Amino acid sequence: MNKNYPIPENELQRLAALKRYNILDTLPDDAFDDATRLVSYICGVPIAHISFIDEDRQWFKSEIGVGVSEVPREISFCNYTILDTEIVEINDTHVNERFKDDPNVTGGFNVRFYAGVPLTTPDGYNIGTLCAVDHVVKELNDNQRNALSIIAKHVIAQLELGTKNNQLYTQRKIAERAVLARDSFLANMSHEIRTPLNAIIGFTDLLAQTELDDTQRDYIGSVQIAGENLLLIVNDILDLSKIESGNLTIETESFNLKKTLKHVYSLLKVKVQKEVEFNLFLDAELPDMVIGDQGRLNQILVNLIGNALKFTNEGEVTVSVKKIEETEDSYSFKFSIKDTGIGIPKDKLETIFERFTQGEESTTRTFGGTGLGLNIVKQLVELQKGEVHVKSTLNRGSEFFFTLSYKKSDTEETEVKTVSKNDLGHLKILLCEDNVLNQKLAKSVINNFGFDLDIAQNGEEGIELLSQKKYDLVLMDLQMPVKDGYQTTEYIRNEMNSNIPIIAMTAHSLVGEQERCYKVGMNAYVPKPFKQAILLKAIKTVMSLDNDTHHKRIIDMSFLDEMSGGDPQFKKEMIGLFIDKIPNQVTQLEEAFKKTDYDNVKKLAHNMKSSMDIFMLQDLSNCLSIIEEEASSGEFTAETLDKVNIFSCGIEEVVKILKEL
Amino acid sequence: MRIIVAEDNDILRKSLSFFLESKGFSIDQFSDGKEALEAIEKENYDLILTDINMPGVSGMEITQHVRENLKSDIPVIILTSSGVEQTELDSFDIGANEFIAKPVSPAVLLVRINKLLKTRI
């Protein structure tokens, strides 16, 4: 193209400056349109515009009376304006040597009057123009010229602002990404730290159970304490990162407040030094059940009481809980932890809840701790919309108190059946875990419990073992190659239709992880590094859940009573008949089902139904109805298999109960 | 009063029999339809209580035989175990006097038996 227009000397840099604003081909913007309107009013012209000039065009960011969004650069008057630093004003183009023959003067836009101010960036590049144009001869006065220059400066300011906003936005994004990266770094690190810690604590526990001489026992004791402290620190850091990222959720579930308090008390009682009296005072009006986050209350109390006990060498530590308010649907409580310990200097009281702050610089050395505990307490209390305060006198003692509100609960606490180790018998357990150290640790622990353990390297292997052998329980690591714990559990529940208890074992401790575990159908959750007692408790819980459903079945004998007129001998005879006959029939039913022998399945189901009715086993009778119907229709589905299994299990339970009578 | 009970489920049959005996009836019980039928032909019963679905001869067949071949108007109570069977029977007059759906309520059964036996007297 024949470029018959002047090119600024700094054209390349000028273009680069223009590009930096990312303004070209953007959508209309009120701020620029207002500026254009202002130009038109002030100068009294029908045509006004704000435009930017790139390599080959003049692009109008905002215009009045132009009617196009861009024109080729060679026909633009503004080529000359961007060479200048001041306003360019041509009062009459017809008498201007440069423009009198311009197509936009003789025709086109019919430009007779032109006034243009260069848009100059703070670093001195003219990237565009602000113009006033008319079809008649005109001369601006000084005020109008001044106004044009001011508006031009505002346009540039507006551009700068947009750029700054963009930068801020980008920086915010970067910051957000950094927080995210830090959180996942912390979570990953905690995983990485916990895995070996798991092994250290676990093997130390095992070692402590072997024959040791006094020195060895002493060393092992120190390793155990150090391991546990390290775990506490890792947990603290993890908690803080969760709170900071807003990922810590407060549960709202029914729990027994009194029991929780007594539990914490008895837990910490073992740590009390001889010269210290440790008391728990509970308000007589304290309700049993409330709705809230039991785990977090536990954590707050353990932290504050733990501190009180740590810093008190003689005297007493008193925990008291009072109901301070009761509304129609909620309670407010005041929890106080008062000690006669070393106290906190006045000037430290205000910062005691801040991170990495302790009563004395030297406390860290004398008493240990991360300096995170109280900060976590404060954040946990505040997350539950409560307040925490402290009163203290140096060398006299401290009182930490906090208030929390809990919703009222009308649910009765479900008694968890406790099963002693022997009740569980000889469990066959399958462990899905890829880490060799953890495998080894789990194996010794499980064997110590007196159970059998098989190990699968990943979920895929676990599923294979499950389909080959009979297990009572699965311990499931979450992070595994090939098939992870979630996928494996989903497969076991949905594809294998198995309700075998599954306990998640994980070092992740990620937010929502526990929920996810329950969601895919796991029955319990044990964080790694696991403690033997906690693992055993989880095993007992899931196994007793299983037992609970057995014992939940109460056989209603009222029908049989009515029939027998209460004759115990006859009742006994009928029960005996049930025990003798039904299990055989169930076996027959299962066999007929396997052979898809519709006729026999139908007959057996039909026949057994009357027996179910007599013992008022409505659910089992319904199972049989469905089985009978499916057999009649000559087609078995997955549901039939389900019902046959449920029925078979149900009979097993019932027979067991009847035998015990 | 003599009642014959035909039901293939042992527990139910024994319970029903025990219950009715405790109410003063004399009971003969059978788990097989064919044997029940033979007994009906031989003995003199006051009422037949039969399950609809039995191996050998069904309750429906027993009723038909009693009405058509033996020309007897002995009261017959048929025990049914599902709604489907009930409707089938309702629309199909085979000459039974009562249908009772399982699970059988002893009290209801007793009322029905007494009603049928009184009507007959």
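Values in this text are rule-based calculations from the coordinates and carry no lab data. Predicted, not measured: the structure shown is a model, and the values here were computed from it. Note: ideal-geometry Cβ built from the backbone for every residue, glycine included; neighbour counts use all protein chains shown.
A few notes on this one:
- Within segment A:571-594: backbone nitrogen closer than 20 Å to the A:E652 label point (7 Å, Cα to C-beta): A:578-594
- Taking label positions 7 Å along the Cα-Cβ direction at both A:S330 and A:R355, the computed distance is 2.9 nm, reported to one decimal.
- Segment A:554-627 shape via C-alpha gyration tensor axes, a/c threshold 1.5: prolate
- For B:F30, distant residues with modelled amide H under 5 Å away: B:V5, B:A6, B:E7
- Long-range HN-HN contacts of A:G128 with modeled amide H, under 5 Å: A:I53, A:L119
- Cα gyration tensor shape for chain A, rounded if a/c is under 1.5, else prolate or oblate: prolate
- Mean per-residue shielding of peptide A:563-571 is 4, counting Cβ atoms of other chains within 10 Å of each Cβ.
- Rounded to the nearest Hz, the phi-derived 3J(HN,Hα) couplings of segment A:600-614 under the Karplus curve 6.51 cos²θ - 1.76 cosθ + 1.60 (θ = phi - 60°) are 5, 4, 4, 4, 5, 4, 4, 4, 6, 4, 4, 5, 4, 5, 5, where x marks glycine and proline.
- Segment A:153-168 - phi-based ³J(HN,Hα) in whole Hz, Karplus 6.51/-1.76/1.60, Gly and Pro as x: 5, 5, 4, 5, 4, 4, 4, 4, 4, x, 5, 4, 4, 4, 4, 4
- Antiparallel DSSP beta bridges within chain A, percent to nearest 5: 70 percent
- Residues A:H49, A:H135 arranged by fewest to most Cβ contacts within 10 Å: A:H135, A:H49
- Relative contact order for segment B:2-120: 23 percent, from Cα pairs under 8 Å spaced at least 6 residues apart, divided by residue count.
- Given A:K258/A:K519; A:K483/A:K519; A:K595/A:K659; A:K242/A:K322; A:K609/B:K14; A:K595/A:K656, the pairs whose alpha carbons are separated by over 21 Å: A:K258/A:K519; A:K595/A:K659; A:K242/A:K322; A:K595/A:K656
- Average beta carbon contacts from partner chains per residue of A:601-608, 10 Å cutoff: 3
- Checked against a 18 Å cut-off, the cross-linked pairs A:K271/A:K378; A:K271/A:K310; A:K603/B:K102; A:K262/A:K323 give Cα-Cα distances beyond that limit for A:K271/A:K378.
- Taking amide H positions as modeled 1.01 Å from N, with prolines and chain starts lacking one, the residues under 5 Å from A:A504 and 5 or more places away or on another chain are A:M476, A:N523, A:A524, A:Y525, A:V526.
- Segment A:N91..A:K407, full-extension length gain: 105.7 nm, with 0.36 nm per residue of separation and the alpha-carbon distance subtracted.
- Hz values of 3J(HN,Hα) by residue in segment A:298-311 - Karplus curve (6.51, -1.76, 1.60), Gly and Pro given as x: 3, 4, 4, 5, 4, 5, 5, 5, x, 4, 4, 5, 5, 9
- Remark: the Cα gyration tensor places segment B:2-120 in the rounded category, a/c being less than 1.5.
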